[in-house]
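*Asks:* Got a structure for you, questions after.
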Amino acid sequence: MRTPVPFRTAFPLLAVLFATAFGAHAQAQAQAPASLSSQTVVLNQLPIEAGGPLTLAVALDLALRANPDITVALREREASEGAEIQGRARPNPSIEYLVEDTRATTRTTTVQLNQPIELAGKRSARIAIAERGRDLADIELATRRAEIRALVISTFFDVLSAQERTRLAKETVTLAERATAAVSKRVIAGKVSPVEETKARVAEAGVRVELAQAQGELRVARQRLTGLWGNPIPRFERAEGDVDTLPPIPSSNTVEQRIEASPVLKRASVEITRRTSVTALERARRIPDPTISVGVKRAEELGRDQLLVGVSIPIPVFDSNRGNLLEALKREDKARDEHTALRVRLTGDVLQARERLSNSRLELESLQRDVLPGAQLAYENAAKGFELGKFSFLDVLDAQRTLFQARNQYLRAVTDTHRASAEIDRLLADRISE
């Protein structure tokens, strides 16, 4: 025989149970953000490079620590941890208080605690979705780092090429000044027409314009480089590196292996898994969740307390979640199709970048082997022949212009080579240390 529980005793007991459950849940929620805050990286103070020479390693370190795009991806990664915490949360209980009749002699008072019970793996599916979201954020962060790394390498070699182009322009100005001085002496000696001196001075002015253009390109390249870590005013003296150090051409097998391991395809695969979990969740939601109720009812007219136990189950008559399930299934199919499309597009882009790298390497070999030595020899012979009176100054100008164009073509090919290599690294994004 069950002994009735007095209402004055039962009500505080239910209240304590509810408060205990709520307090434990709140404590679990409060502990998670604290752990997140301890892992947050403070990036408010942007680093500034030193005033001396700047190496590629230092530039990469500065950009990977302070680039705003990486900071955005990092914040998204931190936010995904909150989504994972929320995915593990269970449904909250509810307390219900009901009074029937206002007369004290016939009043009936009911207090009960209701707790929804999730069935069919809804919580595990929610957790899986949140975990895949965290994986996507990790991959996105790695991808952003790869993009910034490729951009730093490309821009750094732009600075090196601009420095070399400026140096060559200064040498060309020196040569033009020497040529102008030589023509002036021959004009004074009456050996050539004053028109030759005018041509020489026009040519000298032209190379000075080219020097000014090269210096402007160098300033722009320097600003682009330091802007990658948030510094609009470059402080470094010069970029230190060998512009002639060329990246290797990856083999076809290496390219295929790197494509399979690329974060782009990994992200697409994780998205398929996440969409599969979404489908599982929507399918589980077709099964209604019961609500268990426990309470006490006090009937003043009878003068006793009664224990209440109940179960509430929704009836899926009008809403069986068919639409959401159909949407989840189609989005899962879409994720698989996107994976296939990404593989095709990524393979094409990487092979095109590899072809550009190979072509620029071949161009550089031809320039180093034939063009540059020939242009240098032609200029030296023309200058020496002009001093001896065997060639006209037009021959010297033409040889000088050919040499300058050959050097510029070589620097452009070097820049294209490094850009193509950096593009391959950006697309494959598999050379980032976490």
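*Asks:* Write down the radius of gyration of region 192-233 and its Dmax, each obtained from C-alpha positions, in Å.
*Replies:* 17.7, 57
*Asks:* Here is a further query. For Cα Rg over 2.2 N^0.38 Å, several values are listed as (1) 1.70; (2) 1.05; (3) 1.35; flag the one computed from this structure.
*Replies:* Read-out taken from this structure: (1).
*Asks:* What Kirkwood radius, in Å to one decimal, follows from the Cα pairs of region 123-268?
*Replies:* Evaluated on region 123-268, it is 20.2 Å.
*Asks:* Compute the angle between helix 56-66 and the longest alpha-carbon principal axis of the chain, please, reported from 0 to 90 degrees and rounded to the nearest 10.
*Replies:* Long axis of 56-66 versus the principal axis of the chain: about 30 degrees.
*Asks:* In Å and whole numbers, how far do the C-alpha atoms of region 349-434 stretch along each principal axis, longest first?
*Replies:* For region 349-434, the Cα extents along the three principal axes come out at 65, 22, 16 Å.
*Asks:* Something else: What percent do you get for the relative contact order of region 76-225 when only Cα pairs under 8 Å and 6+ apart count? List each step's numbers first, then the result.
*Replies:* Values: 116 pairs, mean separation 33.0, N = 150.
In percent, rounded to a whole number, it is 22.
*Asks:* Please list, or write none, the lysines whose alpha carbon is within less than 26 Å of the alpha carbon of Lys334, excluding same-chain residues fewer than 8 places away.
*Replies:* Within the straight-line cut-off, Lys334 pairs with Lys122, Lys266.
*Asks:* Once Rh for region 321-369 is found with the Kirkwood sum over Cα pairs, what is the Stokes-Einstein diffusion coefficient at 37 °C and 0.692 mPa s, in µm²/s?
*Replies:* Working: Rh = 14.0 Å.
Result for D is 235 µm²/s.
*Asks:* Give the angle, between 0 and 90 degrees and rounded to the nearest 10, that separates the Cα long axis of helix 122-188 from the longest principal axis of the Cα atoms of the chain.
*Replies:* It works out to around 10 degrees.
*Asks:* At R0 = 25 Å, how high is the FRET efficiency between Ile233 and Leu56 if r is their beta carbon distance? Nearest 0.05 is fine.
*Replies:* For Ile233 and Leu56, the calculated efficiency is 0.75.
*Asks:* So what's the back-of-envelope 222 nm ellipticity for the chain, counting only DSSP H runs of four-plus at -39500 (n - 2.57) apiece and dividing by all residues, rounded to 500?
*Replies:* Using -39500 (n - 2.57) per qualifying helix, the result is -24500 deg cm²/dmol.
*Asks:* Is there a quick way to get the dipole size of the chain? I mean about its Cα centre, with the Cβ of Lys and Arg at +1 and of Asp and Glu at -1; what is the value in debye to the nearest 20?
*Replies:* Around 540 debye, computed over the chain.
*Asks:* Related question: If you average 1/r over every pair of different alpha-carbon atoms in region 228-292 and take one over that average, what Kirkwood value in Å do you get?
*Replies:* 18.1
*Asks:* Inverting the mean 1/r over all pairs of different Cα atoms, compute the Kirkwood radius of region 50-132 and quote it in Å.
*Replies:* 18.6
*Asks:* Any lysines with Cα under 23 Å of the Lys191 Cα? List them, leaving off those in the same chain fewer than 8 positions away.
*Replies:* Leaving aside lysines fewer than 8 places away in the same chain, those within reach of Lys191 are Lys199, Lys384, Lys390.
*Asks:* If you take the charge dipole of region 219-277 about its Cα centre, with +1 on Lys and Arg Cβ and -1 on Asp and Glu Cβ, which of Gln223, Val243, Gln257 is farthest toward its positive end?
*Replies:* Working it through, the farthest residue towards the positive pole turns out to be Gln223.
*Asks:* In degrees from 0 to 90, rounded to the nearest 10, what is the angle of the helix 194-227 Cα long axis to the longest principal axis of the chain?
*Replies:* Tilt relative to the chain: about 20 degrees.
*Asks:* Further, regarding this structure: Based on the alpha carbon coordinates of region 90-139, what radius of gyration and maximum Cα-Cα distance (Dmax) apply, in Å?
*Replies:* Reported Rg and Dmax, both Å: 21.0, 68.
*Asks:* With bins 5 Å wide starting at 0, give me the P(r) of region 280-331 over every alpha carbon pair, in whole percents.
*Replies:* 5, 16, 16, 13, 10, 10, 8, 8, 7, 5, 3, 1, 0
*Asks:* Let me check I've understood the local charge: for Gly52, count other residues with C-beta under 10 angstrom from its C-beta, Lys and Arg +1, Asp and Glu -1. What total comes out?
*Replies:* Net of charged neighbours comes to -1.
Values in this text are rule-based calculations from the coordinates and carry no lab data. Predicted model, so just to flag it, every value in this text is computed and none were measured. Cβ: placed from backbone, ideal geometry, glycine included. Neighbour counts: every protein chain shown.
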